[in-house]
């Protein structure tokens, strides 16, 4: 499904936030699929807002919006997500996703079953 098995998010409100350009595309896709698995169908604007908050970004500027839109476009092309609005996981069921667990320093690690 995705190459990334980790979604790294800030642990505290005052923790440093990575610029969106430093977040690998497959990590962005993984975060979006986890949010959709949790929320079900979601309006694109609401999902973008939740995704940005996950990473600790308080405002959604053009760079963040572009990264989100690229990831959603790829997920739709890969038939993981149906859209355009509302967005939902394909086939109405969440794909087999790794469970997220918190680790020190704000990293949420996705444990992938072998």
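Can you name the residue in the stretch 1-42 that is part of a loop (DSSP other than H, G, I, E, B) and in contact with a helix residue (DSSP H, G or I) (Cβ under 6 Å, 6 or more places away or on another chain) and is also modelled with the lowest pLDDT among such residues?
Of everything passing the filter in the stretch 1-42, 2 is modelled with the lowest pLDDT.
Return the pairs, sorted by first residue and then second, in which the second residue is in a strand (DSSP E or B) and surrounded by fewer than 13 Cβ atoms within 10 Å (Cβ to Cβ), the first residue lies in the stretch 64-89 and is on the phi > 0 side of the Ramachandran plot and modelled with pLDDT of 90 or more, the beta carbons are less than 7 Å apart, and the residues are 6+ apart or on different chains.
Final answer for the pair search is none.
For the list (1) surrounded by fewer than 16 Cβ atoms within 10 Å (Cβ to Cβ); (2) assigned to a helix (DSSP H, G or I), I need the number of the one condition that residue 59 fails.
Checking residue 59 against (1) surrounded by fewer than 16 Cβ atoms within 10 Å (Cβ to Cβ); (2) assigned to a helix (DSSP H, G or I), the one that fails is (2).
The values are calculated or read from the model by the stated rules, or taken from the named source; none is laboratory data. This is a predicted model, so every value here is computed, not measured. Note that each Cβ is placed from the backbone with ideal geometry, even for glycine, and that neighbours are counted across all protein chains shown.
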